[in-house]
Amino acid sequence: MTNVMPKLNARQRVLTYLEGHRGASAAEVARALKVTPANVRHHLGLLVSDGLVQVLGLRSGAGKGRPVQSFGLSDSGMGNHLAGLAAAALRLWLAAGAGDERTLAQELCAALPPAGQGGITRRLALVVEHLRPLGYAPRWEARAEGPRVIFEHCPYAAVLAEHPFLCRVDEALLENRLGLKVSLLASLERNERGAPVCVFGVGEEHFR
């Protein structure tokens, strides 16, 4: 038995084992991978922190020992087919002529807290706060030509190639929340750090 697994594939080996052995203890994983339980517990802790593994509960240990934690892949670790489901639902929605990007944006806004009131700075701050849990990784910045809203993650990236109109949905969503004209300036373009971002210009002169 070795003390540690190679760093490059250690967590992947743990994940692979848990794919086929849901409800395994650290000791069981260690025996299967021929490493120490302490090493496995270290990697399990990291995987739990990353949201890929979850503690399923306690179960009886070997013999009369105290209960041990049982681990399994989380929903994120197991994967899902939400992208396929979303793409199929959008195809049906478009085929039915149920609405346009503004209709869809209004539906999305219905699940959000009330839009902000007051000055533009207050409303931009609330937009960032309300959209952060939806996976946009949003922020805003002041510019001489007007504020900009930056999304550092696209929650629709998996279906955007088939449904590029979702960029217009985001425009309409921001306009709905801000009461201002919003224009898409960049869609998944690389920033100075090489990360893909979406950038929206906000025009204060277009109050509605």
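Only the coordinates and a few stated rules stand behind these numbers; no lab work does. On a predicted model such as this, the values are computed, not experimentally measured, just so you know. Backbone-built Cβ (ideal geometry, glycine too); neighbour counts: all protein chains shown.
Test of understanding: what is the full-extension gain from LEU85 to ARG66, defined as 0.36 nm times their sequence separation minus their Cα-Cα distance?
2.5 nm
Once you list every other residue whose beta carbon is under 12 Å from the beta carbon of GLU107, what net charge do they have if Lys and Arg are +1 and Asp and Glu are -1?
Within the 12 Å Cβ shell, the charges total -1.
Would you mind computing, in nm to one decimal, how far apart the modelled labels at LEU58 and ALA96 are, each placed 7 Å from Cα along Cα→Cβ?
4.9
Using only the Cα atoms of the chain, what do you get for the radius of gyration and for Dmax, in Å?
So, for the chain, Rg and Dmax equal 23.2, 74 Å respectively.
Can you compute the modelled spin-label distance between HIS153 and SER49, with each label point 7 Å from Cα toward Cβ, in nm?
Modelled inter-label distance: 1.7 nm.
Under the classification rounded if a/c is under 1.5, otherwise prolate if a/b is larger than b/c and oblate if not, where does region 153-208 fall, given a ≥ b ≥ c as square roots of the Cα gyration tensor eigenvalues?
Oblate, because a/c is 1.5 or more while a/b does not exceed b/c.
Listing SER76, SER187 from the residue with the fewest other Cβ atoms within 10 Å to the one with the most, what is the order?
Lowest to highest Cβ neighbour count: SER76, SER187.
Just to verify a number: FRET efficiency for ALA195 and ARG122, C-beta to C-beta distance, R0 = 30 Å, to 0.05?
The pair ALA195/ARG122 has a calculated efficiency of 0.60.
When HIS130, HIS43 are ordered from fewest to most other Cβ atoms inside 10 Å of their Cβ, what list results?
In increasing order of surrounding Cβ atoms, one gets HIS130, HIS43.
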